[in-house]
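Please read the structure below before turning to the comments.
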Amino acid sequence: MSDTTGSAFDIVVLGGGSGGYAAALRGAQLGLSVALIEGDKVGGTCLHNGCIPTKALLHAAELADNARDGAHFGVQTQLTGIDMNGVNAYKDSVIGRLYKGLQGLIKSRKITVFEGYGKLVAQDTVEVNGERVTGRNVILGTGSYARSLPGLEIVGRVITSDQALKLDYVPKSAIILGGGVIGSEFASVWKSFGVDVTIIEALPHLVPNEDEALSKAFERQFRKRGINFNLGVRFSGVTQDDSGVHVSLEDGKTFDADLLLVAVGRGPRTADLGYEQQGITLDRGFVITNDRLHTGVGNIYAVGDIVPGLQLAHRGFAQGIFVAEEIAGLNPQPIVESGIPRVTYSDPEVASVGLTEAKAKEVHGADAIETLEYNLGGNGKSQILATQGFIKLVRQKDGPVIGVHMIGARVGELIGEGQLIVNWEAYPEDVAALVHAHPTQNEALGEAHLALAGKPLHAHN
């Protein structure tokens, strides 16, 4: 097997998901020669069976709720049913347009694409379809898969998000194992579609990585929506038959439903890819890197879900761009993990950036932290949308805002300003002086900072 590429590429990217294709596009933009190796479809999990399809389902779910609740706004609508084939056709058309656009981008940047599953066979070489592709730099971006628990087989009525996104019917009832982002989003969709939903979460709260105030408010709103959940007890087993699934917990409780969705997180896709043989350090399957995403081996970098930390598409994008710029000698600033925004796109939405109150106290000391909650009850647009929630700010006393935490309809759209505030280390007085358009939900961010700056306008203090 000879090097059929003629000469080495500047960059060989293994994996065409969010991290890999961002690295390829940015590398090509910087004038480097790039090979991109992808075994399935460019765009990866995010585009094909993650962020984009789930958000399409969530939009359909919002429309279902709007139809059901029209009378509340004086609009005589009614929900007559959910056509899953129609929902899936809409979802697939969104994916199709984005996929076509991405393929066009890659082609226009003169990136050489190798279709097939690649394997690292030397510190500068990836083998794909029997062909050796050599690069002066190699970027590993092989992504993640929907994890299960030991002994819990994904078969029949026991499914992961992969199968859930392809369902062509609406189940009558579902149990969701895991109350994190993925579990909460599917619970939200299915409830809107008329499914009887129960979440099983071993930790004490739903969306357990969020600030506790958000988790508690989220649970209250899910309860109000009729979404059932069982917290703080671990799953022990499941059986299935023609009538459905039968789930048992360690405390002896049992639950029955049509389906069990296993949403216990995503595992790194690094097995049998030759990483360890080339001396790369793996920890529970994750690739260990330094803060510049270098693996410590040759000129090999890693990006995205295979690197320990937040498993988010936009983190992958940012890391891909960072590594391309690092290789090009631009010496980019390392990405601060806490400065990456996080959104759960359920109803209600949860959005956050920076440190939670608990983490801030741990880092800076309890006496050095100040918090404020601004209720959306005082926000005109939130009242128009009939949503409840609040914005919680965490700041260092006499210092910058280091955490923005929000719950309510559409707050994911506010996180853009939230991440500027945290990442630019703004003081409440800085943000209070900015004019926020009225009536918008965005105004609530302004109001919260006015209050934290000691001059609340539409808030009782």
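Applying the condition of being among the charged types (D, E, K, R) and over 23 Å from the mean Cα position of the chain (by Cα) to the stretch 231-269 and asking which residue is least open to solvent (accessible area, probe 1.4 Å) yields Asp258. Taken as a whole, the condition of being outside any helix (DSSP H, G or I) and either out of contact with any Pro (no Cβ under 6 Å at 6 or more places or on another chain) or in contact (Cβ under 8 Å) with a residue 12 or more places away in the chain (or both) applies to Val343.
Screening Gly354, Gly298, Gly316 for residues that are farther than 17 Å from Ile182 by Cβ and open to solvent by less than 10 Å² (accessible area, probe 1.4 Å) leaves exactly one candidate, Gly354. At least 3 residues being more than 28 Å from Phe73 (Cα to Cα) is the threshold, and among the helices (runs of 4 or more DSSP H) wholly inside the stretch 353-461 those reaching it are 357-364, 415-423, 428-432, 442-452.
Among (1) within 30 Å of Ser192 (Cα to Cα); (2) β-branched (Val, Ile, Thr); (3) at pLDDT below 95, there is one condition Val75 misses while meeting the rest; what is its number? It is condition (3) that Val75 fails. When every residue of the stretch 15-26 is checked against the conditions, none turns out to be within 30 Å of Thr387 (Cβ to Cβ), free of Cβ contacts under 8 Å to residues at least 60 places away in the same chain and part of a helix (DSSP H, G or I). Restricting attention to the stretch 9-37, the residues that are of a type outside the set (Val, Ile, Thr) and open to solvent by less than 30 Å² (accessible area, probe 1.4 Å) add up to 16.
Of the residues making up the stretch 409-450, those that are open to solvent by less than 20 Å² (accessible area, probe 1.4 Å), in contact (Cβ under 8 Å) with a residue 60 or more places away in the chain, in contact with a strand residue (DSSP E or B) (Cβ under 7 Å, 6 or more places away or on another chain) and within 18 Å of Gln383 (Cβ to Cβ) number 5. Flag: Val126 does not match the condition of being among the β-branched types (Val, Ile, Thr) and exposed (fewer than 15 other Cβ atoms within 10 Å of the Cβ). Note on the stretch 319-330: residues that are free of Cβ contacts under 8 Å to residues at least 60 places away in the same chain and under 22 Å from Cys51 (Cβ atoms) total 1. Going by the conditions given, is Val75 surrounded by 17 or more Cβ atoms within 10 Å (Cβ to Cβ) and among the hydrophobic types (A, V, I, L, M, F, W, C)? Judged against the criteria, Val75 is not a match. Which residues, counting only those in the stretch 161-177, are in a loop (DSSP other than H, G, I, E, B) and free of Cβ contacts under 8 Å to residues at least 24 places away in the same chain? Residues satisfying the conditions do not exist here.
Note on the stretch 170-189: among residues that are among the polar types (S, T, N, Q) and under 14 Å from Glu219 (Cα atoms), the one that is nearest to the chain's Cα centre (by Cα) is Ser184. Restricted to the stretch 148-166, and to residues there that are touching a helix residue (DSSP H, G or I) at 6+ places or on another chain (Cβ under 8 Å) and open to solvent by less than 20 Å² (accessible area, probe 1.4 Å), the residue that is farthest from Tyr90 (Cα to Cα) is Ser161. Within the stretch 235-265, the set of residues being of a type outside the set (A, V, I, L, M, F, W, C) and assigned to a loop (DSSP other than H, G, I, E, B) comprises Asp242, Ser243, Glu250, Asp251, Gly252, Lys253, Asp258, Gly265. Candidates are the residues of the stretch 357-371 that are touching a residue at least 60 places away in the same chain (Cβ under 8 Å) and within 22 Å of Val181 (Cα to Cα); the one that is surrounded by the most Cβ atoms within 10 Å (Cβ to Cβ) is Glu357.
The values are calculated or read from the model by the stated rules, or taken from the named source; none is laboratory data. Being a predicted model, the structure only gives us computed values, none of them experimental. Don't worry about glycine lacking a Cβ; one is built from the backbone with ideal geometry, like all the others, and counts go over all protein chains shown. Just the protein is used for accessible areas: all its heavy atoms, side chains included, with ligands, DNA and RNA removed. Shrake-Rupley method; radii C 1.70, N 1.55, O 1.52, S 1.80 Å.
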